[in-house]
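Heads up, the thing below is written out as structure tokens.
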Amino acid sequence: MSHSESKELKQADHLMREGKINEALQIILELEKRDDFTHQELLSIKLFKANLLYKLGDLLGAINYAEDIFQEFQKQGNLLSSFDTLIIQAYAHGIMGNVSQSEDIIKQAEDLFKIVKETFTIDLRERESFLVRIKANIHYFKGEIQPSLELNKKAYELAKDTSNKELISASLSNIADKYKLMKEYDKAIMYAKEVVKVNYKPILRFPLSILIETYIKKGDIKEAKVYLDKLHEIKEEYDTKRTSILYRYNNALLLKSSLRARNRIKSEDIFKEIAMDNTLPIEQRYDAIINLCDLFLIELRITNDPEILDEIQPFIQELLYLAEHHHLYVILAETYLLQAKFSLLTSDIKKAKRFITQAQKISERFGYKELKERITNEQSKLLKQSDIWEKLKEMGAPMDERIKLAHLNEHIEEIIEKRAMLPAFITEEKVAIHKEKKICLVCRGEVLRFSYICECGAIYCDNCARALTNLENVCWVCDNPIDYLKPVKPYTEEEEINVDNKGKK
Ligand SMILES: [Zn+2]
Ligand SMILES: [Zn+2]
């Protein structure tokens with residue numbers, strides 16, 4: 001390696017470790033323009049660039065670069081650099097939601113790491129810490145919080161005595177996040193504060209938003225405000241879109257917690273803006289929509305004005321659209337269940353039943369056993385309560401009473417928690433494939449060999465068509481019978497028994 005190139009790489013490395021990622025990238029971009037490097041030198045420049053790209057959030061770019069040079073390093077038998085390119089790929093795939101791909105690559109990296117450990121005597125703690133943290137992420141993406149917590153702690157142990165602030169901050173921040181999910185708020189706060197102390201700026205927004213959220217949950221608005229101000233400072237310094245959205249989102253959370261109506265209105269405006277901005281990451285839009293539902297519910301309880309329910313609809317529709325197009329079927333089923341409950345508020349029992357059927361079929365189709373059980377419970381509860389709902393409507397009972405009966409608050413809370421367990425990012429690729437498929441109107445799954453196509457054009461998969469014939473026997477779109485040989489059973493109180501006894505036959 002030429003003297004000047006190694007000097008410049010060292011300088012870039014120093015900047016990177018200080019968190020000055022963009023400055024480091026500038027040096028690399030300058031180096032790339034030159035043509036006096038050997039093949040080997042160019043490879044190390046590319047490896048460095050792949051490293052910077054994933055840190056800057058350009059995950060696809062990082063993967064492409066890393067894949068490319070991995071082949072070269074393999075040919076040369078360069079174990080260490082091969083390993084380095086693998087973990088970049090595994091990390092980026094995980095964050096992009098390609099969990100199984102991330103898992104495959106990390107296994108390959110682990111095997112390689114064993115050989116590296118036997119071959120080299122250099123300090124491998126930083127590499128191992130990154131490796132272990134990626135494994136922790138994979139558990140997290142699968143919803144396995146406890147193993148993810150344990151591995152993040154191990155990643156921290158490996159990193160803590162090195163000079164690598166990024167590894168220290170990232171593992172500590174992950175630990176805080178897992179404690180937040182486990183509702184151990186004091187521990188979440190303790191670890192998040194440790195990250196703030198390290199002061200590695202590129203990822204400081206994460207512990208700050210953990211602190212804001214956790215203090216709000218604990219009802220300590222004053223402390224939450226302190227960290228919101230810190231997040232504001234970071235936003236001013238690093239005016240990236242990601243930081244500024246996170247700031248707006250947390251600000252809205254804080255305003256939402258206020259007892260004053262005008263603060264809640266401000267909060268609503270911010271959430272609406274985030275919810276409908278399709279240039280933003282999906283997860284941020286989800287969170288905003290779910291928080292909006294929560295706000296509308298508060299408003300509904302106070303004003304008792306059913307028109308608010310119409311205002312919720314476009315956002316619910318957007319949520320359904322996003323969930324379906326990103327294949328998040330748990331969220332899809334949960335949202336249909338939410339739709340069912342909103343229909344109950346206006347005592348539209350027929351709609352409520354259809355939405356519940358849909359939630360049930362989705363969870364059945366995509367194999368969510370627990371969810372299906374819960375929905376079946378909701379269904380029998382609804383059937384038992386349909387008289388009460390009708391009566392509430394006749395009496396003009398206040399919304400507050402209806403919301404309580406539907407357990408709507410608890411349900412929204414549950415969706416918020418489920419959402420936190422999902423991968424942070426979903427690829428566009430899956431969406432493109434989706435468009436070619438025929439989708440069943442009820443369970444939203446692909447219609448394979450057998451299907452029922454109504455004359456109106458509505459498509460039902462075999463399973464759902466059968467289920468509907470047994471329930472109401474009409475097409476949900478045009479109301480024509482599905483099976484002309486069977487009687488049509490419009491949803492009324494009488495057919496409750498039919499659904500309730502279905503399993504016992
Ligand atoms: Zn179906
Ligand atoms: Zn039809």
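Test residue 403 against the criterion of being buried (at least 20 other Cβ atoms within 10 Å of the Cβ) and either β-branched (Val, Ile, Thr) or over 25 Å from the mean Cα position of the chain (by Cα) (or both), and give yes or no. No; evaluated as a whole, the condition is false for this residue. Of everything in segment 226-272 that's among the small types (Gly, Ala, Ser) and out of contact with any helix residue (DSSP H, G or I) (no Cβ under 6 Å at 6 or more places or on another chain), which residue is most open to solvent (accessible area, probe 1.4 Å)? Ranking the candidates gives 261 first.
Is it the case, given these coordinates, that residue 107 is modelled with pLDDT under 95 and open to solvent by 30 Å² or more (accessible area, probe 1.4 Å)? Explain how you work it out, then say what you get.
Values: modelled with pLDDT under 95: no; open to solvent by 30 Å² or more (accessible area, probe 1.4 Å): yes.
Spelling it out, it is not the case that residue 107 is modelled with pLDDT under 95 and open to solvent by 30 Å² or more (accessible area, probe 1.4 Å).
Would you be able to say whether some residue in segment 191-207 is among the hydroxyl-bearing types (Ser, Thr, Tyr) and closer than 23 Å to residue 154 by Cα? Within segment 191-207, one or more residues are among the hydroxyl-bearing types (Ser, Thr, Tyr) and closer than 23 Å to residue 154 by Cα.
Can we say residue 226 is in contact with a Pro (Cβ under 6 Å, 6 or more places away or on another chain), at negative phi and outside any loop (DSSP other than H, G, I, E, B)? No; evaluated as a whole, the condition is false for this residue. Of these, 126, 150, 157, which one is of a type in the set (Asp, Glu), under 15 Å from residue 88 (Cβ atoms) and either in contact (Cβ under 8 Å) with a residue 60 or more places away in the chain or part of a helix (DSSP H, G or I) (or both)? Result: 126 is the single residue among 126, 150, 157 that is of a type in the set (Asp, Glu), under 15 Å from residue 88 (Cβ atoms) and either in contact (Cβ under 8 Å) with a residue 60 or more places away in the chain or part of a helix (DSSP H, G or I) (or both). Return the residues of segment 305-330 that are modelled with pLDDT under 85 and open to solvent by 60 Å² or more (accessible area, probe 1.4 Å); say none if nothing qualifies. Result: 306, single match. Taking the numbered list (1) farther than 22 Å from residue 256 by Cα; (2) modelled with pLDDT of 95 or more; (3) buried (at least 22 other Cβ atoms within 10 Å of the Cβ) in turn, residue 204 passes all entries but (2). Close contacts from segment 439-463, counting a first residue that is touching a residue at least 12 places away in the same chain (Cβ under 8 Å) and a second that is among the aromatic types (Phe, Trp, Tyr) and open to solvent by 40 Å² or more (accessible area, probe 1.4 Å), with Cβ to Cβ under 6 Å and a gap of 6+ residues or different chains, come to 460/452; 462/450.
Each row is one residue, and each column tells you yes or no for (1) surrounded by 24 or more Cβ atoms within 10 Å (Cβ to Cβ); (2) over 23 Å from the mean Cα position of the chain (by Cα).
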| position | (1), (2) |
| --- | --- |
| 140 | yes, no |
| 143 | no, no |
| 154 | no, yes |
| 173 | yes, no |
| 179 | no, no |
| 193 | no, yes |
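Would you call residue 500 more than 16 Å from ligand 2 (Cβ to nearest atom), surrounded by fewer than 16 Cβ atoms within 10 Å (Cβ to Cβ) and modelled with pLDDT of 85 or more?
Taking the combined requirement at face value, the residue does not satisfy it.
For segment 343-361, the set of residues classified as of a type in the set (Ser, Thr, Tyr) and either under 21 Å from residue 304 (Cβ atoms) or surrounded by fewer than 23 Cβ atoms within 10 Å (Cβ to Cβ) (or both) consists of 343, 346, 347, listed by residue number.
Just one of (1) open to solvent by 30 Å² or more (accessible area, probe 1.4 Å); (2) under 15 Å from residue 412 (Cβ atoms); (3) of a type in the set (Val, Ile, Thr) trips up residue 289, so point out which. Condition (1) is where residue 289 drops out. When residues in segment 160-182 are screened for being free of Cβ contacts under 8 Å to residues at least 40 places away in the same chain and either over 16 Å from residue 195 (Cα atoms) or outside any helix (DSSP H, G or I) (or both), 4 of them pass. Considering segment 14-28 alone, what residues qualify as being touching a residue at least 12 places away in the same chain (Cβ under 8 Å) and either open to solvent by less than 30 Å² (accessible area, probe 1.4 Å) or over 32 Å from the mean Cα position of the chain (by Cα) (or both)? Passing the criteria: 16, 19, 21, 24, 25, 27, 28. Considering segment 463-489, the residues that are over 21 Å from residue 352 (Cα atoms) and open to solvent by 60 Å² or more (accessible area, probe 1.4 Å) include one that is nearest to ligand 1 (Cβ to nearest atom), namely 486.
When segment 441-472 is filtered for residues that are part of a loop (DSSP other than H, G, I, E, B), within 12 Å of ligand 2 (Cβ to nearest atom) and either under 33 Å from the mean Cα position of the chain (by Cα) or under 17 Å from residue 351 (Cα atoms) (or both), the ones remaining, listed by number, are 441, 458. Would you mind finding the one in 340, 275 that is farther than 28 Å from residue 397 by Cβ and either open to solvent by less than 40 Å² (accessible area, probe 1.4 Å) or within 16 Å of ligand 1 (Cβ to nearest atom) (or both)? Exactly one residue qualifies, and that residue is 275.
The values are calculated or read from the model by the stated rules, or taken from the named source; none is laboratory data. Values in this document were obtained by computation on a predicted structure and should not be read as measured data. No Cβ is skipped: glycine too gets one built from the backbone with ideal geometry, and neighbour counts run over all protein chains shown. For accessibility, only protein heavy atoms count, side chains too; no ligands or nucleic acids. Shrake-Rupley method; radii C 1.70, N 1.55, O 1.52, S 1.80 Å.
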